[in-house]
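Participant: Take a look at this one; I'll ask things after.
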Amino acid sequence: MSALLSGVRVLDLTNVLAGPFCCYQLALMGADVVKVEAPGGGDLARQLGADPALNERLMGASFLAQNAAKRSIALNLKSDAGKAVFRKLVAGADVVVENFRPGVMERLGLGAQALRALRPRLVYCAISGFGQDGPLRDNPAYDQIVQGLSGVMSVTGDAQSAPLRVGYPVSDTIGGLTAALAISGALVRVGRTGEGETIDVSMLEATLVTMGWQVSNWLIAGVEPQALGNENMTAAPSGTFVTGEGVLNIAANKQEQFEKLCRIVGRPELIQDKRFSAREARKTNRYALKAELETALGERSAREWSLALNAAGVPAGEVLTVPQALAHPQVEGRGLVRRFSDAPGLDRELAVVRAGFRLASGDPTPRCPPPLLGADTDAILSEIGYEAAEIAAMRDAGVL
């Protein structure tokens with residue numbers, strides 16, 4: 001069967017994370033994603049990542065992580081000729097995604113209104129830190145800034161360590177996922193009615209939306225969220241526990257789960273202890289209960305306890321490192337990682353993650369490795385009618 005977005009062409013003008021991550025999700029679903037990059041340097045992520053040698057080749061690990069299954073055209077959008085090429089690309093495109101500061105595309109004459117005048121069915125998506133209007137619209141947006149302004153940092157960590165940044169760019173990633181969702185919905189309507197859309201994604205708002213319980217506790221219950229570290233505000237024992245070897249997450253949120261936990265760890269007397277016998281009492285005395293359980297859990301490893309507890313229906317799982325998680329049989333068995341032995345510009349095998357879902361009609365997977373900067377310029381221009389001599393002339397003029 002054809003991929004979900006087969007036949008959809010996306011022009012990806014984005015840099016670094018939120019936008020490229022959005023367009024990677026679309027590419028995994030089969031869209032033809034054309035990455036429009038500035039000549040010379042391209043996406044800044046090409047120079048970012050933990051391997052300096054890859055950064056020097058403009059194939060940084062940060063770029064490789066979210067640009068497989070895309071094609072690259074190097075095009076100077078500040079030149080009149082480059083703008084003309086871009087408008088011709090738009091005439092045959094379904095989606096344009098950009099994450100410039102608000103107003104940049106309008107100043108280039110390539111804003112949503114101008115492009116949708118050329119292509120009424122176009123879905124134009126602008127991703128920014130704070131949205132296209134409001135007092136912060138012109139502020140530069142970095143993930144950590146958004147994490148702080150959204151309240152995420154205020155509820156991450158515990159009373160001693162908060163405010164604490166989440167350990168990966170969560171607001172950038174959420175912004176990208178939100179954009180991919182909005183674009184997919186808009187494409188459904190385009191297919192049904194032919195009507196395009198202009199989408200305004202705010203990373204700040206997208207992040208706040210994902211904080212459902214914390215936000216609703218304040219908006220509805222009037223309770224200000226607090227940083228509880230690894231503890232679960234809704235139940236106990238539910239959090240992280242030290243074992244004889246390794247750290248274990250346990251989520252015994254129901255009464256029956258709590259009772260099973262006590263029996264499995266050899267402490268059945270805790271069930272009748274007035275400090276712990278009822279749900280609210282356990283929440284009030286969570287740290288005393290944690291101490292009692294960790295004494296018992298010290299007799300075996302996190303892995304052993306995880307197997308025993310899950311077998312009995314008590315949710316539990318080891319706390320793993322990223323390498324351990326990627327090597328876990330559950331992750332390996334479902335083929336999350338896609339490997340390329342022939343990635344251009346690399347002297348090693350390339351491994352990237354696929355989509356976080358599976359399809360009965362065929363799992364989403366990148367069809368090809370990430371492109372070198374401008375690798376597909378000639379082919380893409382030929383597809384929209386440019387002759388070899390015209391392409392050569394534009395390259396000589398610095399347009400390409």
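The values are calculated or read from the model by the stated rules, or taken from the named source; none is laboratory data. Just so it is clear, the model here is predicted, and its values are computed rather than measured. Glycine gets a Cβ as well: all are built from the backbone with ideal geometry, and neighbour counts include every protein chain shown.
Participant: Residues of the stretch 329-376 being closer than 19 Å to Gly49 by Cα and among the aliphatic types (A, V, I, L, M), which ones?
Facilitator: Val337, Ala343, Leu346, Leu350, Ala351, Val352, Val353, Leu372, Leu373
Participant: Let me ask something additional. Residue check, Asp347 against (1) touching a residue at least 40 places away in the same chain (Cβ under 8 Å); (2) touching a helix residue (DSSP H, G or I) at 6+ places or on another chain (Cβ under 9 Å), all met but one. Which one?
Facilitator: (1)
Participant: Moving on. Is one or more of the residues making up the stretch 202-225 touching a residue at least 60 places away in the same chain (Cβ under 8 Å), surrounded by 15 or more Cβ atoms within 10 Å (Cβ to Cβ) and in contact with a strand residue (DSSP E or B) (Cβ under 8 Å, 6 or more places away or on another chain)?
Facilitator: Within the stretch 202-225, one or more residues are touching a residue at least 60 places away in the same chain (Cβ under 8 Å), surrounded by 15 or more Cβ atoms within 10 Å (Cβ to Cβ) and in contact with a strand residue (DSSP E or B) (Cβ under 8 Å, 6 or more places away or on another chain).
Participant: Considering only residues of the stretch 79-112 that are free of Cβ contacts under 8 Å to residues at least 24 places away in the same chain and over 23 Å from Ala141 (Cα atoms), which is surrounded by the fewest Cβ atoms within 10 Å (Cβ to Cβ)?
Facilitator: Asp80
Participant: Let me ask something additional. Within the stretch 56-65, identify whether any single residue is among the hydrophobic types (A, V, I, L, M, F, W, C), surrounded by fewer than 22 Cβ atoms within 10 Å (Cβ to Cβ) and within 23 Å of Asp396 (Cα to Cα), and answer yes or no. It would help to see each step written out before you state the result.
Facilitator: From the stretch 56-65, those among the hydrophobic types (A, V, I, L, M, F, W, C) are 58-59, 61, 63-65; that's our starting set.
Narrowing further to those that are surrounded by fewer than 22 Cβ atoms within 10 Å (Cβ to Cβ): 58, 61, 65.
Add one more test, that the residue is within 23 Å of Asp396 (Cα to Cα), and what stays is 58.
Yes, the stretch 56-65 contains at least one residue that is among the hydrophobic types (A, V, I, L, M, F, W, C), surrounded by fewer than 22 Cβ atoms within 10 Å (Cβ to Cβ) and within 23 Å of Asp396 (Cα to Cα).
Participant: Return the residues of the stretch 131-153 that are assigned to a helix (DSSP H, G or I) and either among the small types (Gly, Ala, Ser) or within 16 Å of the chain's Cα centre (by Cα) (or both); say none if nothing qualifies. Let's see the steps before the verdict.
Facilitator: Going through the stretch 131-153, the residues assigned to a helix (DSSP H, G or I) turn out to be 143-150, 153.
Listed by number, the residues that qualify are Asp143, Gln144, Val146, Gln147, Gly148, Ser150.
Participant: Output the residue which, of all residues in the stretch 156-176 that are out of contact with any Ser or Thr (no Cβ under 6 Å at 6 or more places or on another chain) and surrounded by 18 or more Cβ atoms within 10 Å (Cβ to Cβ), is farthest from Gln66 (Cα to Cα).
Facilitator: Only one residue fits best here, namely Thr156.
Participant: Follow-up. Could you grab the pairs with beta carbons closer than 7 Å, sequence gap of 6+ or different chains, first residue in the stretch 364-378 and assigned to a loop (DSSP other than H, G, I, E, B), second one at pLDDT below 95 and aromatic (Phe, Trp, Tyr)?
Facilitator: Between residues of the stretch 364-378 that are assigned to a loop (DSSP other than H, G, I, E, B) and residues that are at pLDDT below 95 and aromatic (Phe, Trp, Tyr), there is no close pair.
Participant: Something else about it: Under 8 Å between Cβ atoms, which residue pairs at least 6 apart in sequence (or on different chains) link something in the stretch 152-167 that is touching a residue at least 60 places away in the same chain (Cβ under 8 Å) and on the phi > 0 side of the Ramachandran plot with a partner that is part of a loop (DSSP other than H, G, I, E, B) and of a type outside the set (Gly, Ala, Ser)?
Facilitator: Close Cβ pairs (under 8 Å, with a partner that is part of a loop (DSSP other than H, G, I, E, B) and of a type outside the set (Gly, Ala, Ser)) amount to Gly157/Pro163; Gly157/Leu164.
Participant: Considering the stretch 290-343 alone, what residues qualify as being assigned to a helix (DSSP H, G or I), within 30 Å of Pro366 (Cα to Cα) and of a type in the set (Gly, Ala, Ser)? Please lay out each step first, then the result.
Facilitator: Kept after step one, since they are assigned to a helix (DSSP H, G or I), are these residues of the stretch 290-343: 290-297, 302-311, 322-327, 329-333.
When the remaining residues are screened for being within 30 Å of Pro366 (Cα to Cα), the result is 322-327, 329-333.
Ala325, Ala327, Gly333, listed by residue number.
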